[in-house]
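Student: The structure follows.
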Amino acid sequence: MSRSDDAEALVTAHRASLIRYLARYTGDADLAEDLVQETYMRLLERPPADDRNPRAWLFTVATNLARDRARIEQRRTELVGTTSPAAPDDPARVVERAETRARVQAALASLTPRDRTALLMREEGFRHREIAEAIGATTQSVGTILARALVRLGRGLGVPTPEKKETR
Amino acid sequence: MNGTADAITGHPDDGALLRLIDAECDAGERTELEAHLRVCRRCRDRFDGVRGLSEAVSERLRVGDMPVPRRGRSLAPLKAAAVILLVGAAAAGAQPIGRWIARLAAGPSPTVVSPPPSSPSVPSGATRAAHAGVSFVPTGSTLTVVLRAWQRAGTLTLVAGRDSTAAFGVSDGSAPPGVTVLPSGLVIANDSAGSASYRLTLPPEIERVSVRIATAAPRVIARPAGAGPETIGLGGAGQ
């Protein structure tokens with residue numbers, strides 16, 4: 001087995017989770033695929049010095065690549081415009097799904113990159129210790145960061161939050 | 001409460017409740033929190049509220065997930081690039097980059113395969129156009145071009161084309177040691193002493209090109225408008 005086989009096996013094993021995470025993070029499923037490929041190339045070019053947690057390394061690198069891409073995209077938005085939507089099937093369902101996605105993406109985009117990373121990594125099953133390493137925080141503080149992010153995201157999605165319940 | 005309580009109210013904060021929900025507490029904190037929840041109705045309600053919020057947010061995220069990308073891109077075509085990258089790194093005296101990956105698999109020692117000498121590597125789906133370069137069908141709206149090093153001189157020229165394929169060629173200078181066509185772009189295994197210039201003709205589907213040279217941040221270039229080419233220098237890290 002070659003090194004590229006090993007790297008491919010590693011990325012493939014976490015591919016579905018990585019694409020879901022990146023699609024949520026960026027709001028662009030095609031971009032998520034691009035970023036998975038860039039992550040794979042980064043794995044080959046500059047593998048981590050610390051090999052204790054390759055899955056966390058993949059997600060951290062993918063997050064950094066997504067942030068780099070977002071900064072670049074922000075600078076050139078006016079030149080290129082937005083991507084076109086996928087081909088429609090049932091118009092009513094397409095509209096409904098598009099509205100739901102737009103709302104979720106807007107709510108996610110309202111979070112800071114740090115909170116978004118923490119929350120979406122939790123959704124992928126990462127432990128607080130791993131999230132802490134990825135966002136540069138203490139493990140103890142991750143619970144607070146996540147709770148705050150959940151409340152903000154919940155508000156953006158119209159989900160009742162503990163604060164709202166208390167005021168009733 | 002020790003380290004988990006709100007400094008003002010004395011009740012556990014949301015972070016502590018979430019640690020309990022996520023099974024992230026150590027034994028001492030868990031015992032302390034569970035004891036408090038047994039006697040504090042307000043915190044039990046809040047615990048239920050945080051847990052309900054967590055579940056509701058997860059559900060909304062799932063509902064809002066985008067469909068599977070239009071094309072499920074295999075990583076397999078990238079393996080050809082990997083071979084060239086690995087060979088290039090070894091030739092440049094770089095760190096033994098296979099060590100970490102090999103350890104993950106705990107398999108036999110990795111094998112390095114030499115790329116074909118001075119000829120482009122063209123995975124399936126692409127065609128080779130003799131010495132002039134390659135043409136291929138890119139995926140997505142962004143084409144990625146990776147040059148492994150800054151060169152002594154040379155340029156990359158982007159031209160808007162009308163075909164559904166992209167065409168890549170060496171327009172002057174010596175041929176690069178290896179060019180690999182990826183599903184999303186190209187990896188050019190040039191070297192720092194090179195002075196080759198490259199020309200890339202873009203199909204209408206490509207809206208932008210992301211050019212990364214060595215370890216520099218990717219530079220995103222919008223598709224050239226009209227027939228006018230876009231040219232960037234490849235010489236020296238200062239450009």
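The values are calculated or read from the model by the stated rules, or taken from the named source; none is laboratory data. Remember, predicted model here, so these are calculated numbers, not experimental data. Every residue, glycine as well, gets a Cβ built from its backbone with ideal geometry; the counts of neighbours run over all protein chains shown. The area values use the complete protein model at the heavy-atom level, side chains included, leaving out ligands, DNA and RNA. Shrake-Rupley method; radii C 1.70, N 1.55, O 1.52, S 1.80 Å.
Student: Non-local amide H neighbours of B:H11 (under 5 Å, H modeled in plane, Pro and chain starts lacking H): which ones?
Tutor: Amide H neighbours of B:H11, under 5 Å, 5+ apart: B:D6.
Student: I've got another one for you. Taking amide H positions as placed 1.01 Å from N in the peptide plane, with prolines and chain starts having none, which residues 5 or more places from B:R208, or on another chain, fall under 5 Å of its amide H?
Tutor: The answer is B:L143, B:R223.
Student: Sticking with this structure for a sec: Sort out for me the Cα centre separation of the range A:99-139 from the range B:198-229, rounded to whole Å.
Tutor: So the separation of the two Cα centres works out to 31 Å.
Student: Could you give the C-alpha radius of gyration of the range A:89-159 expressed as a fraction of 2.2 N^0.38 Å, taking N as the number of residues it contains? Before the final figure, lay out the partial values.
Tutor: On the way: Rg = 14.5 Å, N = 71, 2.2 N^0.38 = 11.1 Å.
Normalised Cα radius of gyration, the range A:89-159: 1.30.
Student: What accessible area, in Å² to the nearest ten, does a 1.4 Å probe give for B:I213?
Tutor: Accessible area, nearest 10 Å²: 10 Å².
Student: Here's another thing I want to ask about it. When you look at the Cβ of every residue in A:147-154, what mean number of other chain Cβ atoms sits within 10 Å?
Tutor: 5
Student: With Cβ to Cβ distances under 10 Å as the rule, what net charge do the other residues near A:D115 carry (K, R +1; D, E -1)?
Tutor: My count for the surroundings of A:D115 gives +4.
Student: Moving on to the next point. In peptide B:12-23, what is the residue-averaged number of other protein chain Cβ atoms found within 10 Å of each Cβ? Don't skip to the end; give the middle numbers.
Tutor: Values: counts 0, 3, 10, 10, 4, 3, 10, 8, 1, 3, 6, 2.
Mean number of neighbouring Cβ atoms from other chains: 5.
Student: Would you please give the FRET efficiency between A:V95 and B:R219, computed as 1/(1 + (r/R0)^6) with r the Cβ-Cβ distance and R0 = 41 Å, to the nearest 0.05?
Tutor: Details: r = 37 Å, r/R0 = 0.90.
Once the sixth-power term is evaluated, E becomes 0.65.
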